[in-house]
Amino acid sequence: KLMKKPVTVSDGSALLTGVLLALNLPVTLPFWQAAVGCIFAVAIVKQLFGGLGHNFANPAITARIFLLLSFSSDMTTWVKPFFYRGSTFGEMMASSAAMSDSQFDAVTSATPLVTQDASLSSLFWGHVGGSMGETSALALLLGAAFLLAMRIIPWQTPLAYIGGLAVLETFYMLASGGTWMDIPYALLSGGVLLGAFFMATDYVTTPITGKGRLIFGLGCAVLTFIIREFASMPEGCSFSILLMNLLTPYIERLTMPKPFGAKSKEERQANGA
């Protein structure tokens, strides 16, 4: 309304942004903070830059980083899974309401990417703490398989992202004296699968050429690896995708195929055109 543009909520893009943002949030995050993130994603990142198809970066990724910088404590608090094992839903809600802040803090934990104390099977099935989008690798892979089978997302970006990160983690493991388990652990923990299949494949903010998508995915892999291993933040997926979003126009310029018969500016000048 402020931009005097038609309301386009019926196209489902705002709903998709909200779902993707929810997958990046802790379950304990206050609702009002989640609402602030949604408003920032849709109103600021998307609408102020021209609406659907004109945003410079993935709205959900940008909103997650905004919330992480604004509410760092709440965005890095995770509930231990199955803390209420054996309780009914009513008992769980009643006991949760009766808990004090100190008791509630006692049932929170860091993500497996920080502690590295979860088994690969727990990471695969989702028996770990974290946001919805970084727990069950099985659920994410099933969703990714559906999107690939329906040709909704391209295969180049996820392949380059996950494959590139696996190669970098292999070299780092050999150089640092780690174990082979470090490689699948790096791929299954954190937001790599969510980012590779559901965030880095955004039509608007990623390259449209096949070569460009490969470069984009490799760039995300390199940045994620650097942030994870050499920076103070354990998870670099969101920042890597945002940074590569900013480089998308340059990647497309380098990888866009030249029309058949077209001549470059230098060739035209040489021919006196």
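Among the residues in the range 156-168, are any over 23 Å from residue 244 (Cα atoms) and hydrophobic (A, V, I, L, M, F, W, C)?
Start the filter on the range 156-168 by keeping residues that are over 23 Å from residue 244 (Cα atoms), which leaves none.
There is no residue in the range 156-168 that is over 23 Å from residue 244 (Cα atoms) and hydrophobic (A, V, I, L, M, F, W, C).
If residue 40 meets every condition in (1) under 19 Å from the mean Cα position of the chain (by Cα); (2) open to solvent by less than 20 Å² (accessible area, probe 1.4 Å) apart from one, which number is that one?
(2)
For residue 165, which of the numbered conditions (1) touching a residue at least 60 places away in the same chain (Cβ under 8 Å); (2) over 13 Å from the mean Cα position of the chain (by Cα); (3) open to solvent by 10 Å² or more (accessible area, probe 1.4 Å) fails to hold?
Against the list (1) touching a residue at least 60 places away in the same chain (Cβ under 8 Å); (2) over 13 Å from the mean Cα position of the chain (by Cα); (3) open to solvent by 10 Å² or more (accessible area, probe 1.4 Å), residue 165 comes up short only on (3).
So which pairs qualify, if the first residue must be in the range 219-233 and aromatic (Phe, Trp, Tyr), the second must be open to solvent by less than 20 Å² (accessible area, probe 1.4 Å) and outside any helix (DSSP H, G or I), the Cβ gap must be under 9 Å, and the two must be at least 6 apart or on different chains?
The qualifying pairs are 225/236.
Can you name the number of the only condition in (1) assigned to a helix (DSSP H, G or I); (2) hydrophobic (A, V, I, L, M, F, W, C); (3) farther than 18 Å from residue 204 by Cα; (4) open to solvent by less than 40 Å² (accessible area, probe 1.4 Å) that residue 20 fails?
(3)
Quick check on my filter: what residues within the range 116-149 are at pLDDT below 90 and assigned to a helix (DSSP H, G or I)?
Initial filter on the range 116-149 (at pLDDT below 90): 116-136.
Correct list: 120, 121, 122, 123, 124, 125, 132, 133, 134.
Can you name the condition, by its number, that residue 34 falls short on among (1) out of contact with any Lys or Arg (no Cβ under 9 Å at 6 or more places or on another chain); (2) outside any helix (DSSP H, G or I)?
Evaluating residue 34 over (1) out of contact with any Lys or Arg (no Cβ under 9 Å at 6 or more places or on another chain); (2) outside any helix (DSSP H, G or I) leaves (2) as the failure.
How about the range 56-72: which of its residues are in a loop (DSSP other than H, G, I, E, B) and either among the basic types (Lys, Arg) or open to solvent by 10 Å² or more (accessible area, probe 1.4 Å) (or both)? Even if it seems obvious, please write down each step before you answer.
Within the range 56-72, the first condition is being in a loop (DSSP other than H, G, I, E, B), and the residues that meet it are 56-58, 71.
If the condition is that a residue be in a loop (DSSP other than H, G, I, E, B) and either among the basic types (Lys, Arg) or open to solvent by 10 Å² or more (accessible area, probe 1.4 Å) (or both), then 56, 71 are the ones that fit.
Consider the range 177-225. How many of its residues are surrounded by fewer than 21 Cβ atoms within 10 Å (Cβ to Cβ), out of contact with any Asp or Glu (no Cβ under 9 Å at 6 or more places or on another chain) and not in a helix (DSSP H, G or I)?
Number satisfying all stated conditions: 6.
List, please: which pairs have Cβ atoms under 6 Å, are six or more places apart or on different chains, and start with a residue in the range 1-13 that is without any contact (Cβ under 8 Å) to a residue 40 or more places away in the chain and end with one that is open to solvent by less than 100 Å² (accessible area, probe 1.4 Å) and assigned to a loop (DSSP other than H, G, I, E, B)?
Cβ pairs passing all conditions: 13/52.
Scan the range 136-156 for residues that are more than 22 Å from residue 207 (Cα to Cα) and either aromatic (Phe, Trp, Tyr) or free of Cβ contacts under 8 Å to residues at least 12 places away in the same chain (or both) and jot them down.
The answer is 142, and nothing else.
Run residue 236 past the list (1) more than 23 Å from residue 148 (Cβ to Cβ); (2) open to solvent by 10 Å² or more (accessible area, probe 1.4 Å) and report the number of the one that doesn't hold.
Of (1) more than 23 Å from residue 148 (Cβ to Cβ); (2) open to solvent by 10 Å² or more (accessible area, probe 1.4 Å), only one is false for residue 236: (2).
The values are calculated or read from the model by the stated rules, or taken from the named source; none is laboratory data. Because the structure is a prediction, the values reported are computed rather than measured. Note: ideal-geometry Cβ built from the backbone for every residue, glycine included; neighbour counts use all protein chains shown. Side chains included, ligands, DNA and RNA excluded: accessible areas come from the protein's heavy atoms. Shrake-Rupley method; radii C 1.70, N 1.55, O 1.52, S 1.80 Å.
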